[in-house]
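Only the coordinates and a few stated rules stand behind these numbers; no lab work does. Only a predicted model underlies this, so the values are computations on that prediction, with no experimental measurement involved. Glycine also receives a Cβ, built like all others from the backbone with ideal geometry; neighbour counts cover every protein chain displayed.
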Amino acid sequence: MRQPALTTTASFQALESHAVDAKAWQLRDLFRADPERFPKLTVDAAGLFLDYSKNRLDARTMELLLDLARERGVETQRDAMFVGDKINLTEHRSVLHTALRMPRGKELVVDGQNVNADVHAVLDRVKAFTDKVRAGTWLGYSGKPITDIVNIGIGGSDLGPKMAVLALRSYAHPRLKMHFVSNVDGHDMDEVLAQVSHETTLFIVASKTFTTAETMLNAQTARRWFLCEGKEEDLARHFVAVSTNTEAVAKFGIDVENMFPFWDWVGGRYSVWSAIGLPVALAVGFGYFQTMLDGAHAMDEHFRTAPLEQNMPVLLALVGFWNRQFLGAASLSIAPYHQDLNRFPAYLQQLDMESNGKRVTKGGQPVDTPTCPIVWGECGTNAQHAYFQLLHQGTDIVPIDFIAALRATHDLEGHHDALLANCFAQSEAFMKGKTAAEVRTELQAQGLPDAKIDELVPHKTFPGNRPSNTILMDQLTPATLGALIALYEHKTFVQGVIWDIASFDQWGVELGKVLAKKIQAELEGDVDQAAHDSSTNGLIVMAKGAKVQ
Ligand SMILES: O=P(O)(O)OC[C@H]1O[C@H](O)[C@H](O)[C@@H](O)[C@@H]1O
């Protein structure tokens, strides 16, 4: 159904008038005025807790935002996604990552395909394979168990598994060392190959399409490296593939018996739940991988059934929309206060920016509002000692998602209180700030002369009023990780519906791929000067010059 332009809708216009005053609100005042703000603006779901009270909004703002969600059809479109309607319009595909984590036996038939049965058949194969590798009964060519696993993939075939393997580090198998090679830059492969042995390494070539240039080149390099010691007939023990493209896998020379399939209705950035999650299952065991799927399913059920006003992904999406639209926040910083979530911001960059970094509506019209913010971030407390300066006192408003676990998975004394204290202190500082009067009183108490105080006050003042969310879980476990990823997946979906953009394609990555192919041919052959501008020509000539030195 064709949506009207966002700014022309009644609920958007109501929000716009509400925002005239709301933009000037001070978070300090909102907290002072309502001691119940915390219980009112927090929600629990699937083992996660979201506190969105430190945003410049009130109950009326939320009501209007929820009206907008309803007017844009969030509920109808959510339901359409879950039942397998072809909501990926430009590629005419269903969007069924939620089916990958459905319990066994739940009926879901799409285009005559018994989706649930197919998903579980592949999961059974993943289980059988991971059990063997972990038990040490899947042997390399010289009869030794596998010790190193190298996942070769990029984008969705890298970021999800890499992030999850690190996040679940404390569940990892003691013998298996996981490596990830994604970059076409040979330094990436080179570094990994230097650490592993031909006899005991298993390569997973992970690519939905099995045509991605980087992955194909890396896979060829790995194959060549392997054949320096191993024989052709040993390849099957050392190379497996995860893909939707059986033909290309066979052509590459990987035994299709060793291929774990998935389907075109799984988007790359939504694929960690499919066989693309094989490195996760190998690292933590199938049982914990299944628990991660269960955690995501719990969030799916919440998203599918909870009323919008208590629906965590919907609330997170609406708050993000409010900050983007009405506070002009062009970026969103992700601050996991958990070292094992170190790769989570990078994972979210693809999830969010590749999904919603679009400038036209589903109907092909230019959007009339800003869309996806730039997503970036680093773990706290490291981030505090690097760029938090700008977030506290710079000229841009950058909302922050703080993510923390109440209990650690280590038992090192003193660390966890220090970590949580920093996390909570930062969101408090962003919210409250420090007024000029407070700074002046503090400096006066230190006995500084008036002239010095006048000089320092502007520098030491914090404007505050900077929005943040805090997401808490009891511990970072396979279940809470699954729920956390699903939370953000659904948040991205809801925002895409509000903006009426096609969240499940990624045409914006194509142009560079085509040009790179052409330039690579020129680096290896003759330069097609007429095809380029003087800058590009100049750079190509420099690279060619460096080759002959
Ligand atoms: O899994 P593959 O088919 O190799 O794709 C890997 C990645 O590359 C593409 O260019 C897309 O931008 C990503 O969405 C995708 O995840």
#### Entry: Antiparallel content of DSSP bridges confined to the chain, in %, to 5
30 percent
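Determine the percent antiparallel among the DSSP beta bridges restricted to the range 97-290, to the nearest 5.
Details: 3 of 20 bridges.
Percent antiparallel among DSSP bridges in the range 97-290 is about 15.
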#### Entry: Helix axis angle, 436-445 relative to the chain longest principal axis, alpha carbon, degrees
80 degrees
### Message
Compute the angle between helix 10-22 and the longest alpha-carbon principal axis of the chain, please, reported from 0 to 90 degrees and rounded to the nearest 10.
### Response
50 degrees
### Message
Looking at the range 150-264 only, what percent of DSSP beta bridges run antiparallel? Nearest 5 please.
### Response
0 percent
### Nearest-ten-degree value, helix 478-499 long axis tilted from longest Cα axis of the chain
70 degrees
## Note on the structure
Looks like the chain, by Cα gyration tensor root eigenvalues a ≥ b ≥ c and the a/c under 1.5 rounded cutoff (else prolate when a/b is bigger than b/c, oblate otherwise), is prolate
### Query
Which number do you get for Rg(Cα) / (2.2 N^0.38 Å) in the range 181-321?
1.30
### 3J(HN,Hα) from dihedral phi, the range 311-317, Karplus parametrisation 6.51/-1.76/1.60, rounded to Hz, x for glycine, proline
9, 4, x, 5, 5, 4, 5
### Query
In whole Å, what is the distance between the alpha-carbon centres of the range 163-226 and the range 433-510?
35 Å
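Ranked highest first by average number of other Cβ atoms within 10 Å, how do 492-498, 390-396, 58-64 line up? Intermediate results must be reported in sequence, preceding the final value.
Details: 492-498: 26.0, 390-396: 13.7, 58-64: 16.7.
Averaged packing, sorted descending, gives the order 492-498, 58-64, 390-396.
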### Task
Only Cα pairs under 8 Å and at least 6 apart count here; give the relative contact order of the range 255-402 as a rounded whole percent.
24 percent
### Message
Based on alpha-carbon centroids, what's the gap between the range 67-82 and the range 121-158 in Å, whole number please?
### Response
40 Å
### Query
Across the Cα atoms of the range 97-290, what radius of gyration and what greatest pairwise Cα-Cα distance (Dmax) are found, in Å?
15.8, 48
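Let me know the shape class of the range 6-71, please: from the alpha-carbon gyration tensor, a ≥ b ≥ c as square roots of the eigenvalues, rounded when a/c is under 1.5, otherwise prolate if a/b is greater than b/c, or oblate. Intermediate results must be reported in sequence, preceding the final value.
Values: a/c = 2.94, a/b = 1.29, b/c = 2.28.
Oblate.
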### Mean shadow area of the range 270-340, taken as a quarter of the surface of its Cα convex hull (nm²)
6.7 nm²
### Task
Would you mind computing, in nm to one decimal, how far apart the modelled labels at residue 541 and residue 147 are, each placed 7 Å from Cα along Cα→Cβ?
5.2 nm
### Task
Would you mind checking which residues have amide H under 5 Å from residue 151's amide H? H placed 1.01 Å from N; only 5 or more apart, or other chain.
179, 180, 181, 204
### Query
Taking the alpha-carbon set of the range 412-528, what are its Rg and Dmax in Å?
25.7, 73
### Summary
Long-range amide H partners of residue 332, meaning residues 5 or more apart or on another chain whose placed amide H is closer than 5 Å, are 374, 375, 376
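Please state the shape class of the range 26-133: rounded when a/c is under 1.5, otherwise prolate if a/b exceeds b/c and oblate if not, all from the C-alpha gyration tensor.
On the way: a/c = 3.87, a/b = 1.91, b/c = 2.03.
The shape class here is oblate.
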